[in-house]
1. Return the total of residues in segment 229-246 being farther than 13 Å from L16 by Cβ, surrounded by fewer than 23 Cβ atoms within 10 Å (Cβ to Cβ) and of a type in the set (A, V, I, L, M).
2. Take segment 39-93 and flag every residue that is in contact (Cβ under 8 Å) with a residue 40 or more places away in the chain and over 21 Å from M161 (Cα atoms).
3. Of the numbered conditions (1) part of a helix (DSSP H, G or I); (2) in contact with an Asp or Glu (Cβ under 7 Å, 6 or more places away or on another chain); (3) not aliphatic (A, V, I, L, M), K189 satisfies every one except a single condition; which is it?
4. N340 fails exactly one of the following numbered conditions: (1) without any contact (Cβ under 8 Å) to a residue 60 or more places away in the chain; (2) under 16 Å from M1 (Cα atoms); (3) part of a loop (DSSP other than H, G, I, E, B). What is the number of that condition?
5. Of all residues in segment 54-98, count the ones that are under 20 Å from the mean Cα position of the chain (by Cα), among the polar types (S, T, N, Q) and surrounded by fewer than 20 Cβ atoms within 10 Å (Cβ to Cβ).
6. I'm checking my understanding of the structure. Among residues of segment 385-416 that are of a type in the set (V, I, T) and assigned to a helix (DSSP H, G or I), which one is surrounded by the most Cβ atoms within 10 Å (Cβ to Cβ)?
7. Taking the residues in segment 155-176 that are crowded, with 24+ Cβ neighbours inside 10 Å and small (G, A, S) as candidates, determine which candidate is farthest from L27 (Cα to Cα).
8. Name the single residue that is surrounded by the most Cβ atoms within 10 Å (Cβ to Cβ) among those in segment 20-49 being hydroxyl-bearing (S, T, Y) and touching a Phe, Trp or Tyr at 6+ places or on another chain (Cβ under 7 Å).
Amino acid sequence: MNILPPALPLKGKINLPASKSISNRLLIMQYLSNSRIRINNLSKADDTVLMRHLLKKVKANIDTGNSENVCLLNCENAGTVLRFLLALLSSQSGKWLLTGSERMKQRPVGSLVRALKTLGANIEYDDLQGFPPVKISGKNLTGNSVTIDASQSSQYITALMMIAPILEKGLTIRLENEIASQPYIEMTKTLMIKAGIDIKTEGRNILISRGSYKSGVYYVEPDWSAASYWYEAVALTPGSEIMLDDLSGDSVQGDAILINIFNALGVKTRQTDNGIVIQNINKAVQDFEFDFTNYPDLAPAVAATCTALNIEARLNGLKNLKIKESNRFEALHKELSFLNPGIDIINDEYLFIPKQKTPVKTKRLHFRTYHDHRMAMAFAPLASVIGEISIEDPKVVSKSYPGFWEEFQRSGFKVRDKFQATPS
């Protein structure tokens, strides 16, 4: 896909997708509530569609009493889906084989498997130790307490939290090491409390009592992670002002921190009754530093913005980007280096973007996406600064934001047939 810069500043109203993080949590809770939970505005993202499909397959397998035959569940490259189902199926009667794409087979699950085995789960690796595929013989788990490394993925902790109420003794989860993506743990806690679950936090311990998910109706908020690409687009396009429809700063999503991040990068945020208005005020800082340990999904858009605006930046807390849909750490380094050759990875932990005395003048650049939705969406707004660019594999955005390209064109960017460009 080829993208041309907008002829005028970006204007209008943007429709964001429903949060897939909230949607996928609610689908697990809905399953455990025996469908007493109703969900409005469920995400249409590929990951959520897949989660819903696989949960229906699980229910059908259990309802037919088919507990002796192995039920194959392909989670493709959806880490959230595989990790949440790994915990759920450990507690559900039946024999299960969880697998995924080749990239999924490179994404670790060892910490979660060890924690579940502590609770009595019967799990075996089908190939490489610590990685999918995994075989599960589901059964009732007793619960009590478990210790888990919290530094790798908050999804492990969320997966344990959501099954905790159905365990005979409830569950105390003890968190070791630095906690990654803590706002996502808080999101899970907030949703579970709303559903009537008793949860307490004592220091680094999460205490969850045995209980039942109550009936209720949930509305899924627009996705703040998806908003990051619009903040980037506005930051890179002088004079732009757009509304992000139905979005609110009062959110269970930690990624609402975007308001503060992009205030430093020259974008003003104003809350209205109908959503959030973001405006380019042309007052970006010249030096920027931020720790993304709790907000990893925002790193691609921020890294691209700082590079394009020639802002010296130190982006910390990025080590877990290596185990996402792609190795995002390396992908950002490699692709953005064509705009700023001085970009460097420091101590395998943070990205340093130096200020260039003479910014590189690049035309008709081809960006690889590494089959990663966030790479495609983070690179697209760079057309405002570079001129015409090419994006590889644009369909990957459907993983989280199926309507992205339609909204992108409506905002003022132009898309046309491919030109011949030398891959970066």
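1. Residues in segment 229-246 being farther than 13 Å from L16 by Cβ, surrounded by fewer than 23 Cβ atoms within 10 Å (Cβ to Cβ) and of a type in the set (A, V, I, L, M): 0 in total.
2. If the condition is that a residue be in contact (Cβ under 8 Å) with a residue 40 or more places away in the chain and over 21 Å from M161 (Cα atoms), then N40, N41, L42, S43, K44, A45, D46, V70, N77 are the ones that fit.
3. K189 satisfies all of (1) part of a helix (DSSP H, G or I); (2) in contact with an Asp or Glu (Cβ under 7 Å, 6 or more places away or on another chain); (3) not aliphatic (A, V, I, L, M) except (2).
4. N340 satisfies all of (1) without any contact (Cβ under 8 Å) to a residue 60 or more places away in the chain; (2) under 16 Å from M1 (Cα atoms); (3) part of a loop (DSSP other than H, G, I, E, B) except (2).
5. Of the residues in that region, 1 qualify.
6. Result: V397.
7. The selected residue is A164.
8. S21
The values are calculated or read from the model by the stated rules, or taken from the named source; none is laboratory data. Note that the structure is a prediction, hence the values are computed from the model and not measured. With ideal geometry, Cβ positions are generated from the backbone for all residues, glycine too; neighbour counts draw on all protein chains shown.
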